[in-house]
1. When you go through T122, T172 one by one, which is the residue that is surrounded by 17 or more Cβ atoms within 10 Å (Cβ to Cβ) and either in contact with a Pro (Cβ under 6 Å, 6 or more places away or on another chain) or in contact (Cβ under 8 Å) with a residue 60 or more places away in the chain (or both)?
2. Quick test of your reading of the structure: D190 fulfils all but one of (1) within 27 Å of P37 (Cα to Cα); (2) open to solvent by 60 Å² or more (accessible area, probe 1.4 Å); (3) among the acidic types (D, E). Name the failing condition by number.
3. How about the stretch 25-68: which of its residues are farther than 23 Å from L278 by Cβ, open to solvent by 30 Å² or more (accessible area, probe 1.4 Å) and in a helix (DSSP H, G or I)?
4. Residues of the stretch 213-243 being hydroxyl-bearing (S, T, Y) and either crowded, with 21+ Cβ neighbours inside 10 Å or free of Cβ contacts under 8 Å to residues at least 40 places away in the same chain (or both), which ones?
5. Could you tell me whether L247 is touching a Phe, Trp or Tyr at 6+ places or on another chain (Cβ under 9 Å) and of a type outside the set (D, E)?
Amino acid sequence: MDGIVFLNGEFMNANEAKISAFDRGFIFGDGIYEVVPVVGGVLVDKIDFWARFEASLAAISLKLPYDKGKFEELLKEAVARNDLKEGGVYIQITRGAAARSFAFIDGLEPTCFIFCYEAKITDNPLAKSGIEVASVPDIRWKRRDIKSVSLLAQCYAKNEAVKVGAFEGFMTEDGFVTEGTSSSAFIIKDGVLITKPLSNEILPGIRRKVILGFAGELGLKIEQRKFSMAEVYEADEVFISAATLPLLPVVKADGKPINGGKIGVFFHALKKKYVEKLLDEASKG
């Protein structure tokens, strides 16, 4: 842990950042988080970030302790202080510190934490080699649309996937894929892009929304419906998306090669469009 972080009104060295042991984020996981991608030292995908961030805050009756303009300036300052060129800005807001009580407590001063990290967004080597996924049970709660800091179920699922040599896990429920442990999941079959429709069963992925728009431009038909691991195995293409992993191709699932282990043409076209979008946003500051 290094670099400069922001915590409750102050920028400081990462190793100096401390919160109360009674913070409800620590005790209960009572808080939300977000990640904003950075390309060329500029925050990108901002509009959709704000929409999801504010929706998650409202869903658990939590208020951001800054107005929107001020908070965005804090994010930009964090990027500048860390000289971050490409990567992500992590944001965590919890309800604050209080005596242990399950019900939400009004009038607390929220804990606000921001840090930066480097990641290869526009030219990730895994986009060239592809990744492997493994199916794992989805054991999460029923409000997965809230970007909650309570991520133990996802950590457990990711670890189960890693134990069998996979990069990511495809979580399954009632015989169907919900999403990745930390990503949105897509398959393409016979010119149709398929992904699970939005509901409280999945996180509304920002990259997911953009990719669906690009898919239409490329002539792909779109079906927002459930799909099974059997469909994953037989797909022409499979890929994931996440904040600092806009698109990564899946070349193997549960040990079975996808499309003979080859990365498909639509993945390359979608990734090209996404990178162009991010670079265009970055160029405009």
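The values are calculated or read from the model by the stated rules, or taken from the named source; none is laboratory data. Here the structure is a predicted model, which means the values were calculated and not measured. Because the Cβ atoms are built from the backbone with ideal geometry, glycine has one as well, and the counts that use them run over all protein chains shown. Ligands, DNA and RNA are excluded from the accessible area calculation, which covers all protein heavy atoms including side chains. Shrake-Rupley method; radii C 1.70, N 1.55, O 1.52, S 1.80 Å.
1. Details: T172 fails: either in contact with a Pro (Cβ under 6 Å, 6 or more places away or on another chain) or in contact (Cβ under 8 Å) with a residue 60 or more places away in the chain (or both).
It is T122.
2. Condition not satisfied by D190: (1).
3. Correct list: F26, I27, A58, A59.
4. Applying the first criterion (hydroxyl-bearing (S, T, Y)) to the stretch 213-243 yields 228, 233, 241.
Selection gives Y233, S241.
5. On the way: touching a Phe, Trp or Tyr at 6+ places or on another chain (Cβ under 9 Å): yes; of a type outside the set (D, E): yes.
Taking the combined requirement at face value, the residue satisfies it.
Listed here are the residues, each with its yes/no results for (1) touching a residue at least 40 places away in the same chain (Cβ under 8 Å); (2) among the aliphatic types (A, V, I, L, M); (3) under 30 Å from P204 (Cβ atoms).
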{"site": "L7", "(1), (2), (3)": "yes, yes, yes"}
{"site": "N15", "(1), (2), (3)": "no, no, no"}
{"site": "I19", "(1), (2), (3)": "yes, yes, yes"}
{"site": "F28", "(1), (2), (3)": "yes, no, yes"}
{"site": "V36", "(1), (2), (3)": "yes, yes, yes"}
{"site": "V44", "(1), (2), (3)": "yes, yes, yes"}
{"site": "F49", "(1), (2), (3)": "yes, no, yes"}
{"site": "E54", "(1), (2), (3)": "no, no, yes"}
